[in-house]
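These notes concern the structure reproduced below.
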Amino acid sequence: MRRTRRGLSPALLALAVALAVGCPGRRERPAPLPAAAGGGGGPEIVFERERDGNLDLYVVPAGGGVERRLTDDPAEDTLGRFTPDGSRVVFTSKRSGNYQLWEVPAEGGEARRLRENDATEYQHDVSPDGRTLAFLSNLDGPERLLLQDLGKGAVRELVRHGRD
């Protein structure tokens, strides 16, 4: 399995989320893409782009069209993923000095930090029901895969990556 430059492969992370929250390992139909913000009516794709030395998130209609900037911060914003309902984009940013988890409304607006700590946290994915966030963190030493209940805020460890 291919590993990404920053940890677990997206496929392995998705499998871990599915197993941890009791979701089936496959679906009969693919999940629909989120509807476009601003009444465009079609699905959108979120992606990262570097412009003038600044890495931010952008959104473009899946069928092609004009892109729009979703984030605009001097810090690196990366790894954007729509929530299952398409209302928000969860992403990783260095706005706090380390890679941390943030979210922004899919139609744009003020970004909000999801967790407050000094750890590096990234490689996130929201469960299909939108209630659980899976992510990697080095909060207490070795990197580990954590699950956070988005409603209650409770966090539990799923996997720890050795001693170092």
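Values computed for the structure shown
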{"quantity": "Mean accessible surface per residue for the range 53-159, computed with a 1.4 Å probe while every protein chain stays in place, in Å²", "calculated": "44"}
{"quantity": "Cα pair distances exceeding 20 angstrom across the range 37-158, given as percent", "calculated": "43"}
{"quantity": "For the range 86-102, Karplus couplings with θ = phi - 60° (6.51, -1.76, 1.60), whole Hz, Gly/Pro x", "calculated": "x, 7, 9, 10, 8, 8, 10, 9, 9, 4, 9, x, 10, 5, 9, 8, 9"}
{"quantity": "Relative packing of peptides 141-149, 107-115 - highest average C-beta neighbours within 10 Å first", "calculated": "141-149, 107-115"}
{"quantity": "Theoretical FRET efficiency, 1/(1+(r/R0)^6), r = Cβ-Cβ of Val66 and Glu116, R0 30 Å, to 0.05", "calculated": "0.25"}
{"quantity": "Neighbour net charge for Leu55 - beta-carbon separation under 13 angstrom, K R +1, D E -1", "calculated": "-3"}
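The values are calculated or read from the model by the stated rules, or taken from the named source; none is laboratory data. What you see is a predicted model; the values in this text were computed from it and never measured. Neighbour counts are summed over all protein chains in view; Cβ atoms, including those assigned to glycine, are modelled from backbone coordinates with ideal geometry. Just the protein is used for accessible areas: all its heavy atoms, side chains included, with ligands, DNA and RNA removed. Shrake-Rupley method; radii C 1.70, N 1.55, O 1.52, S 1.80 Å.
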